[in-house]
Amino acid sequence: MAHSEQSDLPVISDLQKFDYDSGTFLERLVFNHRGVVMAICALLTLVLGYQATKIELKAGFEKTLPKAHQFVINYQANRNELKGLGNNLRVVVAVKEGTIFTSENLKFLEEVNDAIFFIPGVDRNGMKSLFTPNTRWRVVTEQGFEGGPVIPGDFDGSDRSIAEVKRNILRAGIMGDLVANDEKSAAIIIPLLDKNPETGERLDYSELSEKLEDIRDRFTEGNPDRSIHIIGFAKLIGDLIDGLFAVMAFFAVAVIIATALLYWYTRCFRSTVMVISCTLVAVAWQLGILSMLGYELDPFSILVPFLVFAIGVSHGAQKLNGVLQDIGRGTHRYIAARYTFRRLFLAGVTALLSDGVGFAVLMIIQIQVIQDLAVTASIGVLVLIFTNLILIPIVLSYTGVGKTCAERASRPVKSAEEMHPLWRFLLLFTKRGPAAAAIMVSVVLAGVGIYVAQDLQIGDLDKGAPELRPDSRYNKDVAFMIENYSVSTDVFAIIVKTEPDGCIDLEGLSLANELEWRLRQLEGVEDVRGLNVRTREIMMGINEGFPKWQALFRNQDTVNYAVSELVTLEYVDPACSIWPMLIYLADHKAATLERVVDTLDEFNADWGEIDKIEFMGAAGSSGFEAATNIVVKKANREMLFYVYGAVILLCMLTFRSVPGVICAVLPLMLTSILCEALMVWLGMGVKVATLPVIALGVGIGVDYALYVLTVILAKEKQGMDLTTAYYETLNFTGRVVALIGVTLAAGVITWAMSPIKFQADMGILLTFMFIWNMFGALILMPALACFLIKPKPEAASA
Amino acid sequence: MGIRRSLVALCVSLLLAPWASVSAQKSYDVLELPAVPSELAAKSLVFAIHKYHDRYFAVGHHGHILYSEDGENWNQAEVPVRSSLLDIHFPTPELGWAVGHEGVILHSADGGQTWVKQYDGLRYGEEGLAFYRKMAEENPDNEDFPFLVEEMEFAISQGADKPLFKVHFHDGEFGHVFGAYGMILKTEDGGQNWQHVLHTTENHSFYHLFDFAHLSGDARFFLSGEAGLFLIGDARSETAVQVESVPWEGSFFTSAAARDGAVVLGGLRGRMFRTEDEGENWEEVQKPPTSSIVDSAVLDDGRLVFAGIAGELLVSSDAGRSFNFLPISGGGRIYTVSQGPVGSLLVGGPAGIKKLQLPQ
């Protein structure tokens, strides 16, 4: 009698009458030794929970690079020699009233300068501001050169002193660099060391960022006239880590929402707490395992606990549902738990594995953070098999459920007259007319979606650091810098490589000029800097600054002199063989980056034959973005191909029916199309963060189809017409589908509030996909089934 | 049949083309590569702007030559080199010459639309060596010629490293070019032949010759250069004589001849000097302090405008005795200044050409 999962198991209220040797080997192993299993789980929770507390938060930047792309390979191979890409912070001290050139305001600048000077990890010799001794002016005179520090040794804050400083600033040519063009602010440029010299440990960006915030607060608090603006890679990472802590707080919100939903569904306090706790145990195990395996939580993988929690709760709810119904019918809680395990373990494993397919497909993308996401999420799903498919039934076998809610769950199915209006609405779509209407609307939606999605961009579209929101403090500071200083934060670096001592070769430098000229013709290129540009400027400088000398004239001695000055300034490595050509861009839109990459490719096609000098992509934030865009664009299509391939295969195995596969997959495709259209409307481009969304959306979305369609197909096989079959399905798993959709959405919707922009984007898109897939499964799928799946008359007669 | 044969030849040559390119080592040489049309030419580095015969001309880096009727819309000329071009002159509406780095001399016979290369710095040493060897043989008593032979041997070893800063044609056939290390050449046949005239130029230290000024209708011209060098040339006698009385040793980057015959020189660190009597007497020009003065222009109304490299514009209404700031800014570095269309100035520099309205 226990051979068929469809057949109803007998109601046994007396434990004595239960056959302990019934069920599968696994069931007997687990339930006949449930005390041992509980003890093992408790021990594991202690050990892994402890490990979980040790997991580190990191906002690594290299992990987001597409490691197999040639640009990144080139960068990794030459990174030690590449100079001038330094890890700098830029701090700007600004006043709103008057100019920075008052005794008081200059003192403000000097104090901030000194405070920063003492932060561990700052390369103190390399710091540059009006108040550092390396900021000097120099003019050509009849006798040669004359110069001195911009702030003279006898500076006393008097008007005469300040006038001299202003004159020196003009002579030093640092307007727009160290002093804003509107004279309302001054900059401090702070190169950072890789290691904290006091401790010898790697520089902790989080701590550094905190110290900078302290300085910002200390010097601007209570003085609305003053502001301090800070940009630089280290600050960005610091802000991202702060963002990660904020996201962790959202986890609590997600737990509360899920708990409330589950309670609303079960009305059973005891079992709600139990399911939520077991799922939290899963999260703890997962984090513990990750910590033991040496993984860190980054801004991407921190989302996995949310997903695991949401998936866990929805599967837990199903187990609970089964137990509730059995107990309601009068079965003993131990036996009810066993029955549920017997009925649903295999289905649960299949569903979790199908989620796993969505994650596993992510492994094909050669970007470390996404692969890490795939691994961590897969571990999470494996853990769920233990905690939610085994632990939950066992715990339920001890605790049972509240009596009233058990009775409520096992109420007989209502008749068609008194059924819920929502059910009545959904059942409409099993009739030809409404089904055709639903399909027509879907076709129109798909048409509009495809039309809108043609404008889907690749890459990040907002100004400033794309990781953070456009209105974040950091991005406001970036905007301030761009407005007032001649700086751009979007830098594409071409790696220029020659033989040792080859950087002085005139033909090589001429080629660099040619490439530079081509790049300058491009829309979105604001400036190009590099050894060749500086060489031309120095050649003019050492010829009394007469402008007509500003060219790479063919005098090797002059070139040698110019380059030797530039080696000390780190424009080129000491071996005179590697230097970056820095392209400052107006934005980091994909089209802008593509123009740069295309120009580099064309240039290499024209002149690559000359092998004494090599121009390679790429480094710099924009260089990496260009590489990422190329990889992401390719991966976006590949991913769809693989994820749909996997889903179709899975459906084929489950349904063994082509119409069934079509019914299951078409609604998912509509969601994928609409998701792309939504991205266009919301101004999101395809990027590292949106890739997992599509895979997760489809991989988890197919769950609904599995639950709903399996039951419909089974009922139809029993000879029911579609409407009846669907009605039965809605009562059996349909309610759970709705619950799953809402729980999953609740898990991810909180991300929309994340200070980290791409997490917010992921949250919005995933919420959309989970909810829309739910509607697809409940409306479009029966509508399609209405036309595609014919009830089998022979089955009806059987 | 003829067509078929040429087709076969074409096919063969196409087949062989890859081999040909392998055997000929590819090299990048700005003297051999034509300038490329650029939408942004008027917005990129410009070294000189001039007005000739109601047309405006600008020269810049990467072989840019631009011409315009209104000083706002610029056309880019077809130029056979990618050298940085430093000066341009049109003695007639059709005939023009441009000079620049690598000692390049370009010529146009169609008002500036298309250009051919007449000369480059690689010829300078070779031709100079042959010429001065011959002169040394013919004039064994002259001590200058063996010295110039040595100088030309050195020039050959250096290659085309010397820029020509300035070109001036006295008519459609007779012209001079001037440049670095005292480089000076003349032509009497519209540039078909360029002759060395170092030996008739009193510049024994081979100082750079930066600028040229003259009064129209006068055969005399003035050359200003490095380290206080100031020469008065005579187009007829074909000599240039150094004025020794210059009260300063700094470089004169630019010079302008006022209508009253006075010459105003500007240069390093913003110093400016003026002489009314060809160097007998000098006065330092009254002016506010500025950065180095790098270019000048005589406006249509006779006023003089001098430009400081940091972007200062100075104007004089009294033939250069005193200068004041123009109340307009070039908005960035200025390398060159010129009369623009009615009531305006054209300035050029690293950010290209800008038209500035002159205050009345």
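Throughout, read-outs are computed from the coordinates displayed, never taken from laboratory work. Model, not experiment: these values are computed from the prediction. Note that each Cβ is placed from the backbone with ideal geometry, even for glycine, and that neighbours are counted across all protein chains shown.
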request  = Choose one of A:ALA186, B:GLY340, A:SER397: the residue whose Cα lies farthest towards the positive end of the charge dipole of the protein assembly as shown (beta-carbon charges +1 Lys, Arg; -1 Asp, Glu; about the Cα centre).
outcome  = A:SER397
ask   = So, with +1 on the Cβ of K and R and -1 on the Cβ of D and E, and no other charges, what is the size of the charge dipole of the protein assembly as shown about its Cα centre, to the nearest 20 debye?
value = 8340
task = Could you line up A:VAL478, B:VAL149 from fewest to most neighbouring Cβ atoms inside 10 Å?
result = B:VAL149, A:VAL478
ask   = Which of A:PHE108, A:PHE732 comes first, and how do the rest follow, when ranked by fewest Cβ neighbours within 10 Å?
value = A:PHE732, A:PHE108
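Determine, for A:PHE546, A:PHE233, the number of other Cβ atoms within 10 Å of each Cβ, and report the residues in order from fewest to most.
Working: A:PHE546 24, A:PHE233 17.
Least crowded to most crowded, the residues run A:PHE233, A:PHE546.
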note = Isolated cysteines for chain A, Cβ-Cβ cutoff 4.7 Å, are A:CYS41, A:CYS278, A:CYS651, A:CYS663, A:CYS675, A:CYS786
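What's the average, rounded to a whole number, of partner chain beta-carbon atoms within 10 Å of each residue's beta-carbon in A:550-562? Display every interim value, and only then the final one.
Values: counts 8, 13, 4, 11, 14, 6, 3, 2, 1, 1, 0, 0, 0.
Whole-number average of other-chain Cβ neighbours for A:550-562 is 5.
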query = For peptide A:535-548, how many partner chain Cβ atoms fall within 10 Å of a residue's Cβ, on average?
reply = 6
Convex hull volume per residue for region A:88-239, taking Cα atoms only, in Å³ = 124
key: Dipole axis of chain A (+1 Lys, Arg; -1 Asp, Glu on Cβ), positive-most option in A:VAL95, A:LEU445, A:LEU236   = A:LEU445
task = Would you mind getting me the FRET efficiency between A:ASP455 and A:PHE641? Use the beta-carbon distance for r and R0 = 35 Å, nearest 0.05.
result = 0.95
query = Counting pairs of alpha carbon atoms under 8 Å apart in space and at least six apart in sequence, what relative contact order in percent does chain A give?
reply = 18
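A 28 angstrom limit on the alpha carbon distance is what I want to check against. Which of A:LYS67/A:LYS463; A:LYS463/A:LYS634; A:LYS612/A:LYS634 exceed it? Write down the numbers at each step before the final one.
Details: A:LYS67/A:LYS463 25 Å; A:LYS463/A:LYS634 24 Å; A:LYS612/A:LYS634 33 Å.
Exceeds cut-off: A:LYS612/A:LYS634.
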remark   = Once Lys and Arg are counted +1 and Asp and Glu -1 for all other residues with Cβ under 12 Å from that of A:PHE219, the total becomes -4
task = Find how much the distance from B:ARG123 to B:GLN25 grows on full extension, using 0.36 nm per residue of separation minus their present alpha carbon separation; answer in nm with one decimal.
result = 33.0 nm
remark   = Rounded to the nearest Å, the spacing of the alpha-carbon centers of region A:466-529 and region A:648-668 is 51
request  = Quickly work out the A:VAL253-to-B:GLU238 label distance, labels modelled 7 Å from Cα along the C-beta direction, and quote it in nm with one decimal.
outcome  = 9.0
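How high is the FRET efficiency from B:ASN324 to B:VAL197, r the C-beta distance, R0 51 Å, rounded to 0.05? Let's see the in-between values first.
Working: r = 39 Å, r/R0 = 0.77.
Rounded to the nearest 0.05, the efficiency is 0.85.
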query = What lysines sit close enough to A:LYS715 to cross-link, taking a C-alpha to C-alpha distance under 21 Å and skipping anything fewer than 8 places away on the same chain?
reply = A:LYS414, A:LYS431, A:LYS790, A:LYS792
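All other residues with a Cβ under 10 Å from the Cβ of A:ALA336 taken together, and with Lys, Arg as +1 and Asp, Glu as -1, what is their net charge?
After counting each charged neighbour, the total is +2.
Can you compute the FRET efficiency between A:ALA591 and B:GLU39 using 1/(1 + (r/R0)^6), with r the Cβ-Cβ distance and R0 = 22 Å? Round to the nearest 0.05.
Working: r = 17 Å, r/R0 = 0.77.
The calculated FRET efficiency here is 0.85.
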task = Please determine, in degrees from 0 to 90 and to the nearest 10, the orientation of helix A:34-53 with respect to the longest principal axis defined by the Cα atoms of chain A, where the helix direction is its Cα long axis.
result = 10
task = Taking 7 Å along the Cα-to-C-beta vector as the label spot, tell me the A:MET440-B:ARG259 distance in nanometres, rounded to one decimal.
result = 8.6
key: Between region A:119-185 and region A:290-352, the Cα center-to-center distance that results, in Å   = 66
task = Using the charge dipole of chain A (Lys, Arg: +1 at Cβ; Asp, Glu: -1 at Cβ; taken about the Cα centre), state which of A:LEU320, A:MET762, A:HIS420 has its Cα farthest towards the positive end.
result = A:HIS420
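Does region B:128-176 come out rounded, prolate or oblate, given a ≥ b ≥ c as the square roots of the eigenvalues of its C-alpha gyration tensor, rounded meaning a/c under 1.5 and, failing that, prolate meaning a/b above b/c?
Details: a/c = 3.04, a/b = 1.42, b/c = 2.15.
Here region B:128-176 falls in the oblate category.
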query = Under 16 Å from the Cα of B:LYS287, which aspartates and glutamates turn up, not counting those fewer than eight places away in the same chain?
reply = B:ASP295, B:GLU312, B:ASP318
ask   = Modelled label-to-label distance, A:PHE425 and A:ARG218, 7 Å Cα→beta-carbon offset: nm?
value = 6.0
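Around A:LEU552, with a cut-off of 14 angstrom between Cβ atoms, what is the net charge of the other residues, counting Lys and Arg +1 and Asp and Glu -1? Could you put the intermediate results ahead of the total?
Numbers: positive: A:ARG534, A:ARG536, A:LYS548, A:ARG554, B:ARG82, B:LYS162; negative: A:ASP505, A:GLU507, A:GLU514, A:GLU516, A:GLU537, A:ASP557, B:ASP29, B:GLU102, B:ASP161.
Surrounding charge for A:LEU552 is -3.
Provide a whole-number value for the mean count of partner chain Cβ atoms within 10 Å of the Cβ atoms in peptide B:33-43. Walk me through the numbers on the way to the answer.
Details: counts 2, 0, 1, 4, 1, 4, 2, 6, 1, 0, 1.
Taking the mean over all residues of the peptide, I get 2.
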query = For the cross-link pairs A:LYS184/A:LYS548; B:LYS117/B:LYS162; B:LYS117/B:LYS186; A:LYS633/B:LYS43; A:LYS63/A:LYS757; A:LYS128/B:LYS354, which exceed 24 Å when the distance is taken from alpha carbon to alpha carbon?
reply = A:LYS184/A:LYS548; A:LYS633/B:LYS43; A:LYS128/B:LYS354
message = When the expected Rg is taken as 2.2 N^0.38 Å, what fraction or multiple of it is the alpha-carbon Rg of the protein assembly as shown?
response = 1.24
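Helix-derived [θ] at 222 nm for chain A: sum -39500 (n - 2.57) over DSSP H runs of at least 4, divide by residue count, nearest 500?
On the way: 28 runs with 468 residues, N = 798.
The per-residue figure over chain A is -19500 deg cm²/dmol.
From the P(r) of chain B, can you give the percent of Cα pairs sitting at distances over 36 Å?
Result for the distance tail: 24 percent.
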ask   = For region B:269-311 and region B:176-246, what is the separation of their Cα centres, given in Å?
value = 20
